[in-house]
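I have placed the structure first, in the form of structure tokens, so that the comments after it can refer back to it.
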Amino acid sequence: MALMELASLEKSLGFKKANKYSTQGNNKTPILQSNKGAPLIGLVTIASHLVQEAAQPELLGRTAEQRAVVRQWLEYRVTQLDGCPKEDIRSILKELNQYLEDKVYLAGSDFTLADILLYYGVHHIMADLSVQEKEQHMNLSRWFDHIQHYPGIRQHLPLVVVLRNRLYTGGHH
Amino acid sequence: MSEMKLFVSDGNPHCLKVLAVAELTGVKCDICHAKRLVPFLSHPVRPVLLLPCGQHLFKANPICLYFLEVSGRDVCDLTSQWLEWEAAELQEATVVDIVLWAALYPLLSNSSFLPDKLQCVARWFEQVNALPVCQTVAQRVQQQKSLESLKRFLQKQPLPPARCRNAPLCNRAEEEDAEREMTDEEIQAAGATWSRGLADRPTPAERRHPILPQEGKRNVLITSALPYVNNVPHLGNIIGCVLSADVFARYGRLRGWNALFVCGTDEYGTATENKAREEGLSPQEICDKYHAVHASIYKWFQIDFDHFGRTTTEKQTEIAQDIFWRLYDRGFLIPDTVDQLHCENCQRFLADRFVEGICPNCRYPEARGDQCDKCGRLINAVELKDPQCKVCKRTPVVRSSAHLFLDLPKLESQLEQWLEQSMSTGNWTSNARHITRSWLRDGLKPRCITRDLRWGTPVPHPDFSGKVFYVWFDAPIGYLSITASYTDEWEKWWKNPEKVELYNFMAKDNVPFHSVVFPCSLLGAQDNYTLVSNLIATEYLNYEDTKFSKSRGVGVFGDMAKDTDIPSDVWRFYLLYLRPEGQDSAFSWADMALKNNSELLNNLGNFINRAGMFASKFFEGRVPQMELQQEDKRLLAQVGFELRQYIQLLDRVRIRDALKCILNISRHGNQYIQVNEPWKKIKGGDEDRLRAGTVTGVSVNVACLLSAMLRPYMPAVSATIREQLCAPANCADAMFQGAGSFVCTLPAGHRIGTISPLFQKLEAEQIESLKRRFGGQQDEELRTDYKHAACSTSRSRSWWLTLVLLFQGDRVRALKAQKAEKTLITAEVAKLLQLKKQLAAAEGKNPEPSPQKGKKK
């Protein structure tokens, strides 16, 4: 899954030629074998490296603070979201939903790598949610819909339908 | 930079990282130990850095990197700065070292942890550890309290989920099925044990009440969670509490422990008051009525309480008030005022979900008492504009009232100390440990112990007159008061922690009250109370293929089980066979029939019946002469092994697993008979006849052992077998001594009684009709919509049904308003009526006369 993501990311960043990856361990941690220097290991490290290569450093954040926030959500993606047991998914959705209440993107008002990788990471969860559940996580759904329509980001992933009008106005749950 | 705040907590190794890097880079920030929550996270985390812009950083490594980045570097050219920063390899390396050092600190600071092979790691650790920055911050996190503080922090953390999931779960099943090869020594030893016989063991003494702790005996006090009086107990309640505790109590008595098993009905609270108003009775009359219902159900299930009491007694008032005053005098109770919505019409304070109104933030007109669906913001119910009681639609008023709170934070460290000791020496199921640790990790808050109600134990303090204790404070004290109603010398059990082992049985939703809240009350009261040393919590029992059905009123209730014509013992067997140990399990009629027919009838019953029938048909009802050969001794060894397993498992309260040992023994027995064919050999020569005799004699003795092992699980069947075999009264006692030994209890010449079948086949039609009678017409949609909202306690079932009912009502009204198709509306109305019926059943009311449902109370 991580390899598909990296391939999509390369395309989004406008790479002409795809890199070659391998994986290691049970978690299938990606490895980037480059011709210069030691191999790079780990999704976040490789993704950040690709962004650098593509000369789009603003995707890593524009200020020191923003960079720190971006790194934090990248780490969140890898440590909290990936391999999250079923029973914890709801609390993760809740956290993200609450966090995104007053934000357009994860790092505030700028689109960053954190949005891309978190979008990839939650896609399978969002795809499984019922219309009502998506509505319960309104802020998250709004963000998600925004990112999947961001030019060039969706790539290999199917579109998840997010309704903009509310269906469950009376919802007692 | 001065506005930056870094929040750390004692003993948290992650804080080491950031403190160390802050020290290294010289970044200045205020370091606070205060409690502060990241607003959007569901769990408190440390360290947290509050950035000048107001954002929270809640991950240690990004904080470390952030410190590095802002430590006086030129930040004008972003790209070059990033590259420069990356290029600073020396610093990079230092950060990696420090982060690793911090993560390994709790483990490696004790040098004995490292095996000699890892010398390089040890050398590296010493080097980094010797850095002055590391020394400084290590001291700051530990606050001079040594490594103990780290240990306490780590113990509070639940196990990482990944490890739980990957843990080998199913190996046991394979082991169970695999034929265990017996060695020659084992086989010879089994033969020797067998021939010891019963010797002259004294007959075990009759149980004499009152049972009190005895010197030199294992004194075991067993409680099962008190069922709420307002509801008829469900199969899930029965297996989770009373039945599990009963099996363990019976087992304990067999083992010769001095065991006392108490339980009773929990009777105070709003639900009882409401019920009384509905039925036009006094709360006491309601309690009397339902207490009797409970008692009769448990009697039918053969729950052998030493005492089944209730919480509405003088003793309860006396003991609860005593604990209250002790807590009050020691400063563990803090007063505070609470604003609550009160419906004058319904005459009660409204729970959040029973209020609706206009959202104070976005003016959405249908905001609930806890959250607005439109803007998603959390709401305090009293802030709603134009609030409405959802039951009667009238306007509630805000009432402020003074209450007392138990100061849990003040008791936290005492609690932790005790928990560490109790968990390391006692039996705590892993869900009980996990839930308790999560509670501690999230930090304890003061909890309100008083309520503005009438039906409860009165608060004795004059400033709080007219109030009663909140049930969670009051109900567990019921264990003490019920014991006090049983014997005046109750304190010998409850204020005797050195001599008494306390076992609490419950479903997992009750764990925090037994592991955190109640122990805090008792610790704070400082009266040498006996605290729980073994906390046994089950997961949930589901009904058929439906999740969380307990709360929906579908399924089988205690009072209906006896109307199924299936014997109580078979119910007990099946519930225990699928006791939710370690994971949820599901009750299924088809599976029940299958287990009855395959395990009870064809395996267990068949073996015992054949053994007895051979003896009575071929040997005139006497146990024949036996001359053991290798093959017989091998069976003895296999049976002895299963018996020891059974005892080991039950000692650790693995009730379901131990039941499998019984079934394994009869499987071995059936095989043994099948291979040796005594019914053919009996017709042969002298040698063959002797062989038939030996096989029959050994089999009858195995049957006798089975009767003893079945006693905790199926008491009536066990007694029937004993009666049929005329087994001596002391046989169980003899075989359950120590690690367990299978001895010959029915020697040659022993006369047995009349043998008859123990079990009956459950026919497919019978099961189908039961299935139809008890559910299965559930609405698929509601099932998925509400599975998350479902809760397991019977107390919340009617509350939950009320909610579903409200929702379904809205749905019907909406359809009618939209002029939807008639068939659709009819279907939804049918669901609505079904729900009403369930609610009535859940509240024990007589529903509208209905054609298909027969028995209801």
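The values are calculated or read from the model by the stated rules, or taken from the named source; none is laboratory data. Values in this document were obtained by computation on a predicted structure and should not be read as measured data. As a convention, Cβ positions derive from the backbone with ideal geometry for all residues, glycine included, and neighbour counts pool all protein chains shown. Accessible surface is based on the protein model in full, side chains and every heavy atom, while ligands, DNA and RNA are left aside. Shrake-Rupley method; radii C 1.70, N 1.55, O 1.52, S 1.80 Å.
Worth a mention:
- Theoretical FRET efficiency, 1/(1+(r/R0)^6), r = Cβ-Cβ of residue B:185 and residue B:42, R0 41 Å, to 0.05: 0.10
- Overall form of region B:496-621: oblate. Here a/c, set by the Cα gyration tensor axes a ≥ b ≥ c, is 1.5 or more, and a/b is not larger than b/c.
- Per-pair calculated FRET efficiency, R0 = 25 Å: residue B:196 and residue B:598 via Cβ, rounded to 0.05: 0.10
- Extension gain for the segment residue B:392 to residue B:769, taken as residue separation times 0.36 nm less the Cα-Cα distance, is 131.7 nm to one decimal.
- Karplus 3J(HN,Hα) series, Hz, for region B:714-731 with 6.51 cos²θ - 1.76 cosθ + 1.60 (x for Gly, Pro): 10, x, 6, 4, 4, 5, 4, 4, 4, 5, 4, 8, 6, 6, x, 5, 8, 5
- Cα point-scatterer Debye curve for region A:1-104, base-10 log of I(q)/I(0) at q = 0.17, 0.22, 0.24 Å⁻¹: -0.94, -1.31, -1.38
- The label point for residue A:33 and the one for residue A:21, both projected 7 Å from the Cα toward the Cβ, are 1.5 nm apart.
- In terms of Cα atoms, the Rg and Dmax of region A:32-77 work out to 11.5, 33 Å.
- Listed values for region B:48-56 are Karplus-derived 3J(HN,Hα) couplings in whole Hz (6.51 cos²θ - 1.76 cosθ + 1.60, θ = phi - 60°), namely 10, 10, 8, 6, x, 7, x, 6, 9, and x replaces Gly and Pro.
- Entries of B:5/B:445; B:385/B:836; A:11/B:374; B:633/B:680; A:94/B:275 with Cα pairs more than 28 Å apart: B:385/B:836; A:11/B:374; A:94/B:275
- Across region B:697-705, coupling constants 3J(HN,Hα) worked out from phi with the 6.51/-1.76/1.60 Karplus curve, θ = phi - 60°, read x, 5, 4, 4, 5, 5, 4, 5, 4 Hz, and Gly and Pro carry x.
- Semi-axis lengths (Å, descending) of the ellipsoid that matches the C-alpha gyration tensor of region B:623-688: 31, 12, 8
- Loop-located chymotrypsin sites (Phe, Trp or Tyr not before Pro) across region B:584-625 with a Cβ neighbour count of 15 or fewer within 10 Å are lacking, with loop assigned by DSSP.
- Rounded if a/c under 1.5, otherwise prolate or oblate - region A:73-166, Cα gyration tensor axes: rounded
- With Cα atoms, 0 to 90° folded angle of helix A:43-53 axis to chain A main axis: 70
- Calculated FRET value between residue A:156 and residue B:820, using beta carbons and R₀ = 45 Å, to 0.05: 0.65
- Other protein chain Cβ atoms within 10 Å, averaged over every residue that makes up B:50-63: 4
- Dividing the helix sum by the residues of chain A, where each DSSP H run of 4 or more adds -39500 (n - 2.57), gives a mean residue ellipticity at 222 nm of -15000 deg cm²/dmol.
- Cα-based shape type of region B:245-308, given that a ≥ b ≥ c are square roots of the gyration tensor eigenvalues and the cut on a/c is 1.5: prolate
- For residue B:265, the residues 5 or more places off, or on other chains, whose built amide H falls under 5 Å of its own are B:309, B:310, B:311.
- Sorting B:53, B:343 on solvent-accessible area from highest to lowest, probe radius 1.4 Å, gives B:53, B:343.
- Residues whose placed amide H lies under 5 Å from that of residue B:259, excluding near-sequence neighbours: B:220
- A straight line joining the Cα centroids of region A:110-146 and region B:313-341 runs 48 Å.
- Calculated on the alpha-carbon coordinates, the convex hull of region B:269-425 measures out at 219 cubic angstrom per residue.
- Residue B:587 long-range amide H proximity, modeled H, under 5 Å: B:542, B:543, B:544
- Spacing of the two label points (7 Å from each Cα toward its C-beta) at residue B:680 and residue B:122, in nm: 6.8
- Placing a pseudo-label 7 Å from each Cα along the Cα-to-Cβ vector at residue B:334 and residue B:629 gives an inter-label distance of 7.9 nm.
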